[in-house]
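**Q** Submitted below is the structure of interest, expressed as C-alpha cells.
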Amino acid sequence: SNLHALAKSKGKLYFGSATDNPEFTDAAYMAILSDNTMFGQITPGNSMKWDATEPSQGQFTFSGGDAVANLAKTNGQLLRGHNCVWYSQLPSWVSNSGFSAAELTSVIQNHCSTVVGHYKGQVYSWDVVNEPFNDDGTWRTDVFYNTLGTSYVSIALQAARAADPNAKLYINDYNIEGPSAKTTSMLNLVQTLKSQGVPLDGIGLQGHFIVGELPGNLQQTLEQFTALGVEVAYTELDIRMTLPATQALLTQQQKDYDTVVSACMAVEGCVGVTIWDYTDKYSWVPQTFPGQGEACPWDQNLAKKPAYDGIVSGLNS
Ligand code: G3I
C-alpha cells in the first residue's frame, strides 16, 4: 500500500511531502503529490516564508501560500505551515531597519499573528521558529537574537497560539537528530520553555542527511524530546549523496531511509515523516551542494528509487 496509507495503518498521523508553487504546472508531478494515499500531508517549501508573505512592512501577500493550502484542502491532506520566524528568506526591512526591542517585538507579533491567523483552522502544525541554533549549539546571532535575546522565541510562540489555538506549534531545526551540542541546546530550550509555560507542542527534526552518514541513536534522540512533553516529527527528510549515483549508494540510501523511518515508527510521540519534496526533479540539494544530489525517493523522471522500498520497510517495522 502507498506511504501515507501504510503510515496511518501503523498508527502514525501522516506521511507527507514538501512542495512548491512552480511545480504545480507539472501534471505528472501533481498526480503523485495529490494522491492522498501516498501523501497525507504537505508543506510549502517557500510560499509561507516571511519574504513571500510580508515582503514590505504590513503588506501581506498570501497567494502562493493559499494555493498550497487550497491544494491540501482539495486533496484532503494535512498542512504544515512553514515558517513564521527565520533568519533566512527574511526581507531586509526586518533585518536591516535597526528596530528597537519594542519595535521588533511588535513586528514579530504582527507577522506571526497575521500569517498564522490567515490560515487558522487549516493548519495541523506550524514551524513557528525555524533554525534558532548554530551547529555548535550557540544561538544564531540573527536580528531576532541580537535585538531580543532568546525572548523572541516565546514572543513568536505566544502570538501564534493566540492566532490559531488549535495548531500544533513547533520549533524546527537540522542537525538535532542525534547526540550533538546543538541537540543538547534544543533539549534545554524545550525544558526552559515548558517550565515557563510557553506554548510549545512539538520539535521538528528536519532530517537533511548524507547517505552512509546517519547519526547514531535516532530513536533515543526522539525519545529525549518526547520525554519533555512535546511531540516530534521528521519534517524535511532527504538523504543526499555525492554524484554520480552508484548501485551501492542507492542501496545504502534505501537502508538509510529505512533506518530514519523506523526510528519514527518506534516512538509513539513521533507523529509523522515529511520528505523535502518527493522527487529529485525538484530537490533543493544540487543548488546548495554542487556535486551532490539524488536525495529523494523518486528520481528525476518520477520513478521510484530503492529508497522508496526503504521507506516502506521502515513503515512496516
Ligand atoms: O523567488 C526567487 C526568484 O524570483 C528568482 O528568480 C530565483 C533565482 O534564483 O530565485 C528564487 O528564489 C529561490 C527560492 O528558493 C524560491 O524558489 C532562491 O534562490 C532559493 O535559494 C530558494 O531555496 C529554498 C531554500 O530553502 C532557501 O533557504 C529552497 O527552495 C527550499 O527548499 C529551502 O528549504 C529549507 C527550509 O525552508 C528550511 N530548512 C532547510 C531547507 C533546505 O534548505
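**Q** Take the range 1-28 and flag every residue that is within 16 Å of the ligand (Cβ to nearest atom) and open to solvent by less than 20 Å² (accessible area, probe 1.4 Å).
**A** First pass over the range 1-28, keeping only residues within 16 Å of the ligand (Cβ to nearest atom): 16-26.
Scanning the range 1-28 gives Gly16, Ser17, Ala18, Thr19, Glu23.
**Q** Does Ala248 satisfy the condition of being over 24 Å from Asn46 (Cβ atoms), without any contact (Cβ under 8 Å) to a residue 12 or more places away in the chain and not in a loop (DSSP other than H, G, I, E, B)? Before the answer, list the steps.
**A** Details: over 24 Å from Asn46 (Cβ atoms): yes; without any contact (Cβ under 8 Å) to a residue 12 or more places away in the chain: yes; not in a loop (DSSP other than H, G, I, E, B): yes.
Judged against the criteria, Ala248 is a match.
**Q** A follow-up question, please. Within the range 104-120, which residues are under 19 Å from the mean Cα position of the chain (by Cα) and either surrounded by fewer than 20 Cβ atoms within 10 Å (Cβ to Cβ) or basic (Lys, Arg) (or both)?
**A** The one that is under 19 Å from the mean Cα position of the chain (by Cα) and either surrounded by fewer than 20 Cβ atoms within 10 Å (Cβ to Cβ) or basic (Lys, Arg) (or both): Lys120.
**Q** Pull up the range 46-94, narrow it to residues that are among the acidic types (Asp, Glu) and closer than 19 Å to Ala156 by Cα, then point me to the one that is least open to solvent (accessible area, probe 1.4 Å).
**A** So in the range 46-94, the residues among the acidic types (Asp, Glu) come out as 51, 54, 66.
Checking which are closer than 19 Å to Ala156 by Cα leaves us with 51, 54.
Details: Asp51: 62, Glu54: 2 Å².
In this case the residue turns out to be Glu54.
**Q** While we're here: Would you be able to say whether some residue in the range 281-292 is open to solvent by 10 Å² or more (accessible area, probe 1.4 Å) and in a strand (DSSP E or B)?
**A** Going through the range 281-292, the residues open to solvent by 10 Å² or more (accessible area, probe 1.4 Å) turn out to be 281-284, 286-292.
Keeping just the survivors that are in a strand (DSSP E or B) gives 292.
Looking for residues that are open to solvent by 10 Å² or more (accessible area, probe 1.4 Å) and in a strand (DSSP E or B), one finds at least one in the range 281-292, hence yes.
**Q** Still on this model: So in the range 122-148, with the set limited to residues that are polar (S, T, N, Q), more than 13 Å from the ligand (Cβ to nearest atom) and not in a loop (DSSP other than H, G, I, E, B), which one is farthest from Gln206 (Cα to Cα)? Quick ask: steps written out before the conclusion?
**A** Going through the range 122-148, the residues polar (S, T, N, Q) turn out to be 122, 125, 130, 134, 138, 141, 146-147.
Remaining after also requiring more than 13 Å from the ligand (Cβ to nearest atom): 122, 125, 134, 138, 141, 146-147.
Restricting the remaining residues to those that are not in a loop (DSSP other than H, G, I, E, B) gives 125, 146-147.
Numbers: Ser125: 14, Asn146: 24, Thr147: 26 Å.
Checked the range 122-148; the qualifying residue farthest from Gln206 (Cα to Cα) is Thr147.
**Q** Can you tell me which of (1) in contact (Cβ under 8 Å) with a residue 12 or more places away in the chain; (2) more than 20 Å from the chain's Cα centre (by Cα) is the one Pro44 doesn't meet?
**A** (2)
**Q** Within the set of pairs 6 or more residues apart or between chains, which connect a residue that is without any contact (Cβ under 8 Å) to a residue 12 or more places away in the chain inside the range 303-317 to a residue that is of a type in the set (Phe, Trp, Tyr) and surrounded by fewer than 24 Cβ atoms within 10 Å (Cβ to Cβ) with Cβ atoms less than 6 Å apart?
**A** What qualifies is Lys304/Trp298.
**Q** Let me ask another. Is it the case that the range 29-45 has a residue that's open to solvent by 20 Å² or more (accessible area, probe 1.4 Å), of a type in the set (Gly, Ala, Ser), away from the ligand (no atom under 16 Å from the Cβ) and closer than 22 Å to Trp276 by Cβ?
**A** Let us first name the residues in the range 29-45 that are open to solvent by 20 Å² or more (accessible area, probe 1.4 Å), namely 30-32, 34-37.
Okay, now just the ones that are also of a type in the set (Gly, Ala, Ser), so 31, 34.
Okay, now just the ones that are also away from the ligand (no atom under 16 Å from the Cβ), so 31, 34.
Okay, now just the ones that are also closer than 22 Å to Trp276 by Cβ, so 31, 34.
Looking for residues that are open to solvent by 20 Å² or more (accessible area, probe 1.4 Å), of a type in the set (Gly, Ala, Ser), away from the ligand (no atom under 16 Å from the Cβ) and closer than 22 Å to Trp276 by Cβ, one finds at least one in the range 29-45, hence yes.
**Q** So which of Asn75, Asn96, Asn83 is touching a strand residue (DSSP E or B) at 6+ places or on another chain (Cβ under 9 Å) and closer than 24 Å to Val143 by Cα? Before the answer, list the steps.
**A** Working: Asn75 fails: closer than 24 Å to Val143 by Cα; Asn96 fails: touching a strand residue (DSSP E or B) at 6+ places or on another chain (Cβ under 9 Å).
The conditions single out Asn83.
**Q** Restricting to the range 210-241, count the residues that are farther than 15 Å from Cys270 by Cα, out of contact with any His (no Cβ under 9 Å at 6 or more places or on another chain) and of a type in the set (Val, Ile, Thr). Before you say what the answer is, go through the steps one by one.
**A** Our first condition is that a residue be farther than 15 Å from Cys270 by Cα; within the range 210-241, this holds for 210-216, 238-241.
Filter once more, so that each one left must be out of contact with any His (no Cβ under 9 Å at 6 or more places or on another chain): 210-216, 241.
Of the ones still in play, those that are also of a type in the set (Val, Ile, Thr) are 210-211.
Of the residues in the range 210-241, 2 are farther than 15 Å from Cys270 by Cα, out of contact with any His (no Cβ under 9 Å at 6 or more places or on another chain) and of a type in the set (Val, Ile, Thr).
**Q** Test each condition in (1) in contact with a Ser or Thr (Cβ under 8 Å, 6 or more places away or on another chain); (2) over 19 Å from Leu222 (Cβ atoms) for Trp86 and report the one that comes out false.
**A** (1)
**Q** So, one more: In this structure, is Gly229 more than 16 Å from the ligand (Cβ to nearest atom), under 21 Å from Asp201 (Cβ atoms), open to solvent by less than 60 Å² (accessible area, probe 1.4 Å) and without any contact (Cβ under 8 Å) to a residue 40 or more places away in the chain? I'd like the intermediate steps shown before the answer.
**A** Numbers: more than 16 Å from the ligand (Cβ to nearest atom): yes; under 21 Å from Asp201 (Cβ atoms): yes; open to solvent by less than 60 Å² (accessible area, probe 1.4 Å): yes; without any contact (Cβ under 8 Å) to a residue 40 or more places away in the chain: yes.
Judged against the criteria, Gly229 is a match.
The values are calculated or read from the model by the stated rules, or taken from the named source; none is laboratory data. Note that the coordinates shown come from a computational prediction; the quantities given were computed from them, not determined experimentally. Using ideal geometry, Cβ is built from the backbone for each residue, glycine included, and neighbour counts are taken over all protein chains shown. Protein only, heavy atoms only, side chains kept; ligands, DNA and RNA dropped before computing areas. Shrake-Rupley method; radii C 1.70, N 1.55, O 1.52, S 1.80 Å.
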